[in-house]
Amino acid sequence: MNSVGVVTPQRVAFDAPIALRGGTTLPGFELVYETYGELNAEGSNAVLVCHALSGSHHVAGVYAGQPNSVGWWDNLVGPGKPLDTNRFFVVGVNNLGGCYGSTGPMSINPATGQPYGADFPVVTVEDWVAVQARLADHLGIGCWAAVIGGSLGGMQALEWTLQFPDRIRHALVIASAPKLSAQNIAFNELARQAILSDPDFHGGHYYAHGTVPVRGLRLARMVGHITYLSDDQMAEKFGRELKNGTLSYGYDTDFQIESYLRYQGDKFTTYFDANTYLITTKALDYFDPARDYGGDLQAALARAKASFFVASFTTDWRFAPERSREIVYALMHNGRDVSYAEIDCSAGHDSFLLDDAHYHAVVGAYLDRIET
């Protein structure tokens, strides 16, 4: 199967202020996005791909001269792939508050002439969807054929059906949940505290100090990474294998899993921003469409009009299959058209990113039935 090939990010500025859920207003903002495929004359074949915590607008393809810069969902998006760019016009966007070019903590605050840093407001899933709607307007897309995302991206797909029920025909909610559990929030808080307590954090204004809270961000990523993998996958991949074949009886890395986590943590600090990490985990914590309905998810989802594809993975303990079934049951009791797949995969939460033949076949089969 082919790739979409070399792609180029695009940027758009929105001058109209936007009122955020947290009570603050941004005077304007910019979004970085990519598109793949062609928008048809009717504008009826557009699909929005929403990214998860550390994702970006770079969904598929590569950048010129950078063969290793493969998009994060390249195995799913492209000509002849489950999300077929021969049929669909696919849009990926870096969310507001991100660190890949859209307006966020690293951007210049027009009020001070300095980077926002900790002054950048907390944004929510609802804010992201409101901003994505402005991008849709800019691109001439009145109604998405589908909005698709995994994990936090799935929450955005679900929110689209609630905030703009007449602007989305299909929602693909993969490895997601209608809200975080107490355990989920606890992991996020542990990661945030690692960053907030790093001496190089400087209250979120570390750009001005020329520092990066590397230790905190590294630890935050290590904590998060544990939750993305299944116990079976860790056992299969690392077991109790020793890095150097013998125990050191010290505090360096004895086991391969320790070495792996440190590598992932170190790598993350080279490309991700700590303030964006804080904002994004808070957006995860706050998402709860049933909150204004006394916790009644069925009532909260009653205004959705889209058809749904919901998928979960058997070894995903971060957003376990029963969390997806909560969404399915609520939609079914509202008489919505819902397809549900519970996929046997050993990779845990990150299964939604993998090139699994059965998973891709199920997603592709659903997308094939969408009229364009």
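The values are calculated or read from the model by the stated rules, or taken from the named source; none is laboratory data. Since this is a predicted model, take the numbers as computed values, not measurements. With ideal geometry, Cβ positions are generated from the backbone for all residues, glycine too; neighbour counts draw on all protein chains shown. Note: areas computed on protein heavy atoms with side chains; ligands, DNA, RNA excluded. Shrake-Rupley method; radii C 1.70, N 1.55, O 1.52, S 1.80 Å.
Semi-axes of the equivalent ellipsoid of region 230-294 are 36, 17, 9 Å, computed as sqrt(5λ) over the eigenvalues of the C-alpha gyration tensor in descending order. Under the convention that each Lys and Arg Cβ holds +1 and each Asp and Glu Cβ holds -1, the size of the dipole of region 166-289 around its Cα centre is about 280 debye.
Quick one: net charge of Val70's neighbours, Cβ under 14 Å, K/R +1, D/E -1? Charge balance in the 14 Å sphere: -2. By definition, a body whose alpha carbon gyration tensor gives a ≥ b ≥ c is prolate when a/c is 1.5 or more and a/b is larger than b/c, and region 1-127 fits this prolate description. Each Cα pair under 8 Å and six or more residues apart adds its separation to the average, and for region 176-325 the resulting relative contact order is 30 percent. Of all the options Ser69, Ser44, Ser307, the one that moves most in a Gaussian network model of the chain with Cα springs shorter than 10 angstrom is Ser69. Taking the chain as the region of interest, the number of lysine pairs whose Cα atoms are within less than 22 Å, with members eight or more places apart or on different chains, is 4.
Quick one: dipole size for the chain, taken about the Cα centre, charges +1 on Lys/Arg Cβ and -1 on Asp/Glu Cβ, in debye to the nearest 20.
Working: 26 positive and 40 negative charges, 66 e Å.
With only Lys, Arg, Asp and Glu charged at Cβ, the dipole is about 320 debye.
Springs join every pair of Cα atoms under 10 Å in this Gaussian network model of the chain, and among Tyr263, Tyr206, Tyr286 the largest mean-square fluctuation is at Tyr263. Length gained on full extension, Leu354 to Gln264: 30.7 nm, using 0.36 nm per residue less the C-alpha separation. Taking other residues whose beta carbon is less than 12 angstrom from the beta carbon of Asp368, and scoring Lys, Arg as +1 and Asp, Glu as -1, yields +1. When each of the peptides 20-32, 138-150, 168-180 is scored by the mean number of other C-beta atoms lying within 10 Å of its residues, the order from highest to lowest reads 168-180, 138-150, 20-32. As a fraction of the 1.4 Å probe accessible area of region 281-372, surface on carbon and sulfur atoms comes out at 47 percent.
A full extension of the chain between Asn40 and Gln66 corresponds to an added length of 6.4 nm, given 0.36 nm per residue minus the alpha carbon distance. Each of Leu196, Met155, Ile185 was scored by the projection of its Cα onto the charge dipole of the chain, and the greatest displacement toward the positive side belongs to Leu196; charges sit on the C-beta of Lys, Arg, Asp and Glu. Contact order, relative form, for region 124-177: 40 percent (alpha carbon pairs under 8 Å, 6 or more residues apart, mean separation divided by residue count).
The ellipsoid equivalent to the alpha-carbon distribution of the chain has semi-axes of 31, 26, 21 angstrom, derived from the gyration tensor eigenvalues as √(5λ) and listed largest first. How high is the relative contact order of the chain, in percent, with contacts defined as C-alpha pairs under 8 Å that are six or more residues apart? Value for the chain: 17 percent. Per q in 0.14, 0.22 Å⁻¹, report the Debye log10 I(q)/I(0) for region 227-350, using one uniform scatterer on each alpha carbon and no solvent. Log10 I(q)/I(0), no solvent term: -0.84, -1.24.
Could you compute the FRET efficiency for Ser197 and Thr25, with r as their C-beta to C-beta distance and R0 at 25 Å, rounded to 0.05?
Values: r = 31 Å, r/R0 = 1.22.
The value I calculate is 0.25.
Protection proxy ranking, highest mean first, for peptides 346-354, 232-240, 186-194: 346-354, 186-194, 232-240, where packing is the per-residue count of other beta-carbon atoms within 10 Å, averaged.
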